[in-house]
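Visitor: Structure in structure tokens, see below.
Every number here is computed from the coordinates shown, using simple stated rules; none is lab data. Source: prediction; values computed, not measured. Here Cβ is always computed from backbone atoms with ideal geometry, including for glycine, and neighbour counts include all displayed protein chains.
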Amino acid sequence: MIKHSAAQPIGIFDSGIGGLTVARAIVNHLPSENIIYFGDTAHMPYGDKSTSAIQAYSIKIAHMLLQQHCKLIVIACYSATSAAYELVKEYVASKAIVMNVIDPMVHYIHANHAQQRIGLIGTRQTVNSNVYKKKIDKLNRNIELTSLATNLLASAIEEFGNNNVIDSLLNEYLSHPTLKNLDVLILACTHYPVVKKNISRYFKDKITIIDPSDIVAHAVKQRLIEDNLLNPDGIGTKHFYVSDYTEAFAAGTKTFFADEINLEHYPLWD
Ligand code: DGL
């Protein structure tokens, strides 16, 4: 591994602004870190793209984050993690640490939810890749995992936040037989933490709903501590870039990141 310094930024990328839920958790856990967020709004949604397209986008974004001297890159998108994590890791090699949003969750499940029936909702790419299922089956903890692609949910959350339009969409998806008799439901899409309460209400608060954002942020912190790369006290700089800037994206950031942020255009594809 190339020697890094603690002051170098953490790069976080997603298909769009949904990954701000993960960025928010990372900022909360690590307020002194310098952060560069990149949302590929020009290609959003990734959930319906081919694996090869998501791989090509992810490599180019990782390249850009390396040019910005990131010490650690977080793939803050479940679809991109499913399609491109191994490839990005290979591409980045020793130039930075690469983390994703699925592995910390799998470790958490291993420690806390053995022998349970676990449901997962995410995009078509995340569900069809079967990445979660393969990793969870490998744990050999007698966990039964069932998954459902809830394709329209991410764009509906961007449009409506968490209002009652979302509740009728949730009724439609969550009543699917695949999600019957669960102990736990994993929210495997960056957008879904915004409607965690609605989902909990649908299940009458009877099952555990897991938003992986904090679990991922905790894992990032642990990794920085292990590698002696935690930035010392102070307020870190934060940059939030998107590949296609619109007023709607700028307004939408409030849904996913509690504080006001300044969205900047980064013309990666021009
Ligand atoms: N960020 C994506 C994910 O977590 C959801 C939105 C999209 O399809 O691009 O899978």
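Visitor: For the range 103-211, with the dipole built from +1 on Lys and Arg beta-carbon atoms and -1 on Asp and Glu ones, taken about the Cα centre, which of 190, 110, 177 lies farthest toward the positive end?
Guide: Most positive-ward Cα: 110.
Visitor: Report, ordered by chain and residue number, the lysines lying within cross-link reach of residue 254, taken as a straight Cα distance under 25 Å and ignoring same-chain residues fewer than 8 apart.
Guide: Output for residue 254: 196, 197, 221, 238.
Visitor: Helix 103-112 against the longest principal axis of the chain: what's the angle in degrees, Cα atoms only, rounded to the nearest 10?
Guide: It is inclined by approximately 50 degrees.
Visitor: Output the relative contact order of the range 103-211, whole-number percent, from Cα pairs under 8 angstrom with separation of 6+ residues.
Guide: Numbers: 150 pairs, mean separation 33.8, N = 109.
In percent, rounded to a whole number, it is 31.
Visitor: Under a Cβ-Cβ cut-off of 13 Å, what is the net charge of the residues other than residue 130 that fall near it, where Lys and Arg count +1 and Asp and Glu count -1? Kindly include the intermediate steps, with their values, before the conclusion.
Guide: Working: positive: 124, 133, 134, 135, 138; negative: 137.
Once positives and negatives cancel, what remains is +4.
Visitor: ³J(HN,Hα) across the range 162-168 via Karplus (A = 6.51, B = -1.76, C = 1.60, θ = phi - 60°), whole Hz, x for Gly/Pro?
Guide: So the Karplus estimates, Gly and Pro as x, are 10, 7, 6, 5, 5, 4, 6 Hz.
Visitor: Still on this structure: Compute the distance in nm between two label points, each set 7 Å from the Cα along the Cα-to-Cβ direction, one at residue 115 and one at residue 248.
Guide: 4.9
Visitor: Follow-up. At q = 0.07, 0.15 Å⁻¹, what log₁₀ I(q)/I(0) does the chain have when each alpha carbon counts as one equal point scatterer in the Debye sum?
Guide: Each listed q corresponds, in turn, to -0.23, -1.10.
Visitor: Next question, about the same structure. How many percent of the alpha carbon pairs in the range 87-220 exceed a separation of 27 Å?
Guide: Numbers: 1776 of 8911 pairs.
Every Cα pair in the range 87-220 considered, those over 27 Å come to 20 percent.
Visitor: Given 10 Å bins starting at zero, what is the percent of C-alpha pairs of the range 141-189 in each, up to the one with the largest pair distance?
Guide: 21, 52, 22, 5
Visitor: A follow-up question, please. Once amide H atoms are placed 1.01 Å from N in the peptide plane, what residues at a sequence separation of 5 or more from residue 72, or on another chain, have their amide H within under 5 Å of its amide H?
Guide: 11, 97
Visitor: May I pose another question? Note down the nm distance, to one decimal, between modelled labels 7 Å out along Cα→Cβ at residue 133 and at residue 165.
Guide: 3.2
Visitor: Here's another thing I want to ask about it. Treating the angle as unsigned and between 0 and 90°, give the value, to the nearest 10°, between the Cα long axis of helix 20-29 and the longest Cα principal axis of the chain.
Guide: 70
Visitor: Right, another one. Can you tell me the dipole magnitude for the chain around its Cα centre, using point charges on the Cβ only (Lys, Arg +1; Asp, Glu -1), in Debye to the nearest 20?
Guide: Working: 24 positive and 26 negative charges, 171 e Å.
So the magnitude is around 820 debye.
Visitor: Next question, about the same structure. Taking the alpha-carbon centroid of each part, what is the distance from the range 86-129 to the range 187-205 in angstrom?
Guide: 19
Visitor: So for the chain, taking the charge dipole from beta-carbon charges (+1 Lys/Arg, -1 Asp/Glu), which of 36, 258, 208 sits furthest toward the positive end?
Guide: It is 208.
Visitor: Based only on Cα atoms, what mean projected area does the convex hull of the range 23-126 have, in nm²?
Guide: Values: hull surface 30.5 nm².
Computed as one quarter of the Cα hull surface, the answer is 7.6 nm².
Visitor: Mind listing the phi-derived Karplus ³J(HN,Hα) values for the range 68-82, rounded to whole Hz, using 6.51, -1.76 and 1.60 with θ = phi - 60°, and x for any glycine or proline?
Guide: 8, 6, 5, 7, 9, 10, 9, 7, 8, 8, 5, 5, 5, 4, 4
Visitor: Right, next: Under 8 Å for C-alpha pairs, at least 6 residues apart: give me the relative contact order for the chain, rounded to a whole percent. Spell out each step's value before the answer.
Guide: Details: 498 pairs, mean separation 72.5, N = 270.
Contact order relative to length: 27 percent.
Visitor: Using a Cα-Cα cut-off of under 13 Å, which aspartates and glutamates could be cross-linked to residue 3, ignoring same-chain neighbours fewer than 8 residues away?
Guide: Straight-line reach from residue 3, under 13 Å: 227.
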